[in-house]
1. To two decimal places, what compactness ratio does region 158-268 give when its Cα radius of gyration is scaled by 2.2 N^0.38 Å?
2. Test of understanding: express the Cα radius of gyration of region 99-138 as a ratio to 2.2 N^0.38 Å, with N the residue count.
3. Would you work out the Kirkwood radius for region 64-130? I mean one over the mean of 1/r across all pairs of different Cα atoms, in Å.
4. Please list, or write none, the aspartates and glutamates whose alpha carbon is within less than 18 Å of the alpha carbon of LYS237, excluding same-chain residues fewer than 8 places away.
5. Given a Förster distance of 41 angstrom, what is the FRET efficiency for GLU79 paired with LEU218, based on the Cβ-Cβ distance and rounded to 0.05?
6. Determine the relative contact order of region 44-84: mean sequence separation of Cα pairs under 8 Å and six or more apart, normalised by residue count, in whole percent.
7. For CYS194, CYS137, which order do you get if you count the other beta carbons within 10 Å of each Cβ and list the fewest first?
8. Taking the alpha-carbon set of region 198-238, what are its Rg and Dmax in Å?
Amino acid sequence: MASSTVIASPHKRLLDRHTQKKLAGIGRVIMILLIMIIVVLPFYVAVLYSFRAPDAITANRLAWPEHPTFQNYLRVIFENESFLTGYKNSIINTLPTVVLLMVITSMASWVLARHETRFYNFMYAILTLGLLIPFQCFELPLYINWYNAGLVSTNIGFIIARAGLQISISLTAVTGFIKTVPRDLEQAAMMDGCNRFQCFWKVVFPLMTPINVTQLVLNTLFIWNDYSTSIILLRKKYSFTLTLAQIIYFNENTTMLNEAFAFFIISIQYLSVCFFRVIRLKKCIQLVIVILNRISVWTGDLFQTVIQIITVAFCFSQCIGS
């Protein structure tokens, strides 16, 4: 028996391809919607509970309240004595720490990435060793040293400690990025008359904008939401951050979810503003580069040498202290 072969027409094959593309597009849209729901749902629940009265917290859990109220927000602002103090301290602690980390890790990572000798490899291993040591291993020595130095319950003490704890992960990420930057650009800048300091700030640092924005966002989130370091070093009420000011809504007997969620909504406003303005970060970095270039022109190689010595000394002392 002769076998018959059915050949699909070009129009049918084109239709099948069009159908496959259409189904693939629908699948992508569904996946995006599911991811959006997963991401947005916790924020919806937080906003929902923050507008509910305490006696209606268990009624229709995901339904919008029939009588929304701002009493939870008012109680957080006017009755929580540590709220405004915590907001102020969180901003004071976060801003200098992330800027300090960005400047120090950028310069230290450039030195470590461009020198592959045994000494610099050893320094890189020591500085990144903090990733392998749990925080619980050195929380007691950290508190004792800071207490003896008079840095407990102070902003400067928290800034130094948090910057030292965050240096390892920032250094690892930035060093890996700098290794992808071609050295030919630096050699060309050197031939044009730039010293090492000017070469870094005029050539290398502008190319590091993606990784600097990344570490800025991550470090801001880590430091703003830090609880472990805060509960150890910030013992007095006048030094509390937002994470410590929110603890009063949770105890062994009761949990005030309405006010806790209202506190959360208010506390993330600063981070939201920073996130939506991060697109302007490039202009800020360019302004910093211009200022540092002017300083390098005025002071010459002396400023370059001092900054490099301070950078390496700071990184090494923080890692050893940790």
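Quick note: the coordinates plus some simple rules give every number you see, no bench work behind them. Owing to the predicted nature of the structure, the values given are computational and were not obtained by experimental measurement. Cβ coordinates were reconstructed from backbone atoms using ideal geometry, including for glycine residues, and neighbour counts include every protein chain displayed.
1. Details: Rg = 20.9 Å, N = 111, 2.2 N^0.38 = 13.2 Å.
That ratio works out to 1.58.
2. Working: Rg = 12.0 Å, N = 40, 2.2 N^0.38 = 8.9 Å.
Taking N as the residue count of region 99-138, the ratio is 1.34.
3. Numbers: mean 1/r = 0.0616 Å⁻¹.
Computed over region 64-130, the radius equals 16.2 Å.
4. Straight-distance partners of LYS237: GLU79, GLU81, ASP226.
5. On the way: r = 33 Å, r/R0 = 0.82.
Here the calculated transfer efficiency is 0.75.
6. Working: 25 pairs, mean separation 15.6, N = 41.
Answer for region 44-84 is 38 percent.
7. Values: CYS194 18, CYS137 10.
Sorted ascending by nearby Cβ count, the order is CYS137, CYS194.
8. 16.1, 46
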